[in-house]
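The values are calculated or read from the model by the stated rules, or taken from the named source; none is laboratory data. Bear in mind that the values here come from a model prediction, so they are computed numbers and not experimental data. Neighbour counts are summed over all protein chains in view; Cβ atoms, including those assigned to glycine, are modelled from backbone coordinates with ideal geometry.
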Amino acid sequence: MKRSKDTFKLNYQYRIVPSKQQVYKLKDWLYKLCRIHNLMLEERFKWWECNRTPVNACPIFVTYLSELKDQPTYYSQKRATHWSRESDKDLYKGVHSQVIQEAIKRVEDTFNRFTKGDSSSKRSGKPRFKSVRRYRTFSIPQLKPDCLSVTANPHQRRNGGTRRDIACISLPKVGQMKLIYHRPIPEGFTIKAALISCRADGWYITLTLEDKAVPSLKSPELEATQENSLGLDVGLEKFWTNSDGEIEPIQQHYRRSESKLAKLANRKDKKSHKSASRRKLAKKISKHHQRLQRKRKQFHYESATRLVSMDKKVFFVEDIKPGNLSIKNKPKQDENGNYLPNGQSAKSGLNKSINDASWGQFLSILAYKAAKAGKSVVKVKPHNTSQVCSCCNAKVEKDLSVRIHHCLCGFVLDRDWNAAINIKRVGLGIFPTIKRRKRSQKAATKEAYTVPPGSV
């Protein structure tokens, strides 16, 4: 039976406490799945190279075209006969068959994004072979409905309060293990799949919950007005500023811990390779990064909750791509091939702050929280929103160092506040003329030039 696409799904993450034997088995699974991932990817790379012959390097009647082979697919690589090779026979023993199939499915998805691209025809980079340290997650596509057992804790706290319920989850070919049941599963939801991940501080499981009686979570179509809408401008000096003048101070989690991380990294580099002290410091650094990641995500959830709790229905945000903003500058060379200063030393600090702010994660969390509350988030083009005056519509050129907007009309306002007002106006269609200004006459003439008839 096909699963309906309109069902409501949730992902709940819990911490699991496996025994020593189960930890050994889970690590063995990750090791074997990593090798399977590399073998399947190698097979696809061989097909990719053998079926690509450059025909633009020499005449085609001289070029040797190799015999075409069948393309490796998900269905051809997951066959049982494909696993029975003598060289890799022990590689598939003890691992659940569906877990292996999901690992092969991941290989197919990454390779298709490299060769074909995604839905918008944007291709990803070439897939890399995984090392054991980088392969930390595997998925179980099916679980029994009664795999989770929860019992009430008979003990009480010292202050008289009840303790957390005792929960255990049963995984195929792994057994039953303890689960830290810190949040209950809502009524009507069933467990469909699980994702096991090994992190710096232990093992975690992400349960996929599904309720077919509830429709999928979609942003409602609301009519935006001046009263029920809010413009939002994100930045590095202030995390966000809305069109009403309210601000959210930025929390630079990585910047505050940068010196501590540098000291730990220096201590680790001084230790001998593959020593126990080096491994301990590496684990300490990874735990510190994990704490920073959790602090940042918690801050994003709290900030999004503060916005959604306001008496607004529509939020206009900037349609930005933080990944493009943190791209390195292109190198510059002189006539002799020597590299010239390109401003990357200053840009590297800006890139670090952009990645620390993590605007993309915040905007995705805001969209999820707004849809859950029956509100909507609309992305608008932010071009020139910080340069145009929100009072007289005049363009006032200013650098990033100028944080106060001064206009000839006498209007003085904070730069981010002025940009948030313009973002709201663009979203409402009050001032839709915030577009790219006209280029120079030379560029326009060059583009308008056409080839005279009869010259070709």
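Some points to look at:
- Options Ala367, Ala373; residue that is among the small types (Gly, Ala, Ser) and buried (at least 18 other Cβ atoms within 10 Å of the Cβ): Ala367
- Checked against the criterion of being surrounded by fewer than 17 Cβ atoms within 10 Å (Cβ to Cβ), outside any helix (DSSP H, G or I) and either in contact (Cβ under 8 Å) with a residue 24 or more places away in the chain or not assigned by TED's automatic domain parsing to the domain that holds His182 (or both), the candidates Gly94, Gly160, Gly125 yield just one match: Gly94.
- Set Val396, Val378, Val402: member being within 26 Å of Ser326 (Cα to Cα) and in contact with a Phe, Trp or Tyr (Cβ under 7 Å, 6 or more places away or on another chain): Val378
- Listing of strands (runs of 3 or more DSSP E) fully contained in the stretch 316-415 that carry 3 or more residues being under 26 Å from Glu227 (Cα atoms): 376-380, 412-414
- Taking the criterion of being of a type in the set (Lys, Arg) and either within 20 Å of Lys283 (Cα to Cα) or outside the structural domain of Leu30 (by TED's automatic domain parsing) (or both), the only residue of the stretch 185-200 that qualifies is Arg199.
- Remark: pairs (first residue in the stretch 104-121, touching a residue at least 60 places away in the same chain (Cβ under 8 Å) and exposed (fewer than 15 other Cβ atoms within 10 Å of the Cβ); second residue in a loop (DSSP other than H, G, I, E, B) and not charged (D, E, K, R); Cβ separation under 7 Å; 6+ apart in sequence or on different chains) are absent.
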